[in-house]
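The values are calculated or read from the model by the stated rules, or taken from the named source; none is laboratory data. What you see is a predicted model, and the numbers here were worked out from it, not measured in a lab. FYI the Cβ positions are ideal-geometry reconstructions off the backbone, even for glycines, and counts take in every protein chain you see. For accessibility, only protein heavy atoms count, side chains too; no ligands or nucleic acids. Shrake-Rupley method; radii C 1.70, N 1.55, O 1.52, S 1.80 Å.
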Amino acid sequence: MGASPTMNPTPNPLAGKRPSPAPAQQARAYAAAAGLVLITTLALWALRGRLTPANASLVYMLVILVVAVWLGTAPALLAALLSFFSFNFFLLQPYYTLAVEDTRELLDLLIFLAAGLIAGRLAGYARQQADTSRQVSAEQVILYRLTSTLNQLTERDAILGELRRIGLEEIGAARIDILPYEDSRPDAPGPVLYFLLNAGDAIYGTVRATFNSGASDAQRRLLLACVVQSAIALQRVELAEQAQRSEALSEADALKTALLRAVSHDLRTPITIIKTSAAHLNELGSRIPPQQQRELAQTIESEADRLNKLVGNLLDMSRLQAGALVLNTEWNSLEEIAGDVAAQTYNSLGAERLALDFPDDLPLLRCDYDLMVQALGNIVENALRYEPDGRRIMLAGRAAGDWMELAIINHGPTISEEVKARVVEPFFQSADGRSVVGRVGLGLAIARGIVEAHHGRLTIEDTPGGGATFAIRLPREEPAP
């Protein structure tokens, strides 16, 4: 992040007040005050025959107030002293001398001098208060804009960029660097200020501000306030990131606990059955009738298939959560995918439990064939657990606008809204102890992950008359062959 040495060309209200004005600037103010008194004296001298001393004193008093408001307290005091001597020298008799003819006029002169000094001091103080009020107002506006912007930022670079922009454009710095991330030396020589970018015990760096000329107290104060607000924003971002990491760790820990709880049972059960069956075959051997030997062998094979499926589901779930699933998309027919799942179901159960309903003109869909067969198979296997005997699950496909829809219609018990929201979560088990696709409860979660990897949605709706309808909605691509 390189810092730009550019400055805002507009006048900066924060840079107008300096701890001690430059000598040249102060000299010009004194000269202006003296010049204004000189012009006033010449005008009054030309009109002294028509004006009374009281008129002249009021004109001088007005000049002193103007100088105090325009140039400040010190030039106003000079204007009061010059007016006092000019009034006495040019406008009071005897003229062109500081002597006073009437002692009462001396009292008038002294009162005029005191009034002029007091008026100049008060007017200068009022000007100073007005300048301070403008500076405070400008600081509040800048801080408000800064805090409003920082509240919307959630990245460290954006927060530091906003701090740099405020320092350059609003405060008037020539260069802003964030150390140690920007360790280059300032390009232009000038006064340098350092501010620690910290909030509490956390330190996020050091702000180095370079000015072309000396920074005013207002600029120092405002820059420090902006640095503090930026440090608080950085701390907020850091705490939010920590909260997200803690939440992710908590979810991972909960997932691990559920995995261990579910897998400890589901892995042990088939392993125990396989070990027991193999032990019977090994120990009893030929003493077991041939029919029982075949049953034990079939039991070992089925439990090994169950174990293989469980391990495969765990691996699939880990790939989905890691975002490592690779899609091999081609143009495929939803009816063929449903037909494959129906054939697998028939081979597994030895009965026709599925019915297909697809229009002849249903367009093709671009998807990963094997993954979609797996996703649909997981949903069908779960739905079959609750399908009444003698009924068939309906697989219906249709095109709806920009979407292709495949509905898995079950006629069993209706699913409550609470269960609908949780049934596709990993390791979910229903209240009756039956879980989705194997006791470990990963089937629907894997199906949802596969569908979402195709940029689709898996929803659950009520079947008219009772039951649950799982709807797979996948986006269409045009033109489809």
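Quick rundown of the values:
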item: Gain on full stretching of the segment that runs from Leu315 to Trp45 - 0.36 nm per residue minus C-alpha separation; result: 86.6 nm
item: Cβ crowding within 10 Å averaged over residues, with 63-74, 357-368 ranked highest first; result: 63-74, 357-368
item: Full-extension gain in nm, Gln140 to Gln25, via 0.36 nm per residue minus C-alpha separation; result: 38.5 nm
item: Nearest 10 degrees, 0 to 90: helix 23-46 Cα axis against the chain principal axis; result: 40 degrees
item: Inter-centroid distance (Cα atoms) of segment 35-69 relative to segment 129-146, Å; result: 37 Å
item: Percent RCO, i.e. relative contact order, over the chain, from Cα pairs under 8 Å lying at least 6 residues apart; result: 11 percent
item: Farthest toward positive dipole pole in the chain [+1 Lys/Arg, -1 Asp/Glu at C-beta], among Ala243, Leu143, Gly449; result: Leu143
item: On Cα atoms only, tilt of 369-384 relative to the major axis of the chain in degrees; result: 70 degrees
item: Tilt relative to the chain, helix 334-349 - C-alpha long axis, 0 to 90 degrees, to 10; result: 50 degrees
item: Phe89, Phe112, reordered so the largest accessible area comes first (probe 1.4 Å); result: Phe89, Phe112
item: Percent RCO, i.e. relative contact order, over segment 78-145, from Cα pairs under 8 Å lying at least 6 residues apart; result: 24 percent
item: Compactness relative to 2.2 N^0.38 Å, alpha carbon Rg of the chain; result: 1.94
item: Thr269 versus Ala400: modelled label distance in nm, points set 7 Å from Cα along the beta carbon direction; result: 3.5 nm
item: Glu425 - accessible surface, heavy atoms, 1.4 Å probe, Å² rounded to 10; result: 80 Å²
item: Amide H contacts of Glu425 (H built 1.01 Å from N, under 5 Å, at least 5 apart or other chain); result: none
item: Surface accessible to a 1.4 Å probe, Tyr346 within the full protein complex, Å²; result: 110 Å²
item: Estimated 222 nm signal from helices in the chain, with DSSP H stretches of n ≥ 4 weighted -39500 (n - 2.57), rounded to 500; result: -19500 deg cm²/dmol
item: Asp402, Asp305, ranked by accessible area, largest first (probe 1.4 Å); result: Asp402, Asp305
item: FRET efficiency, Leu98 to Ala34 (Cβ-Cβ, R0 25 Å, nearest 0.05); result: 0.85
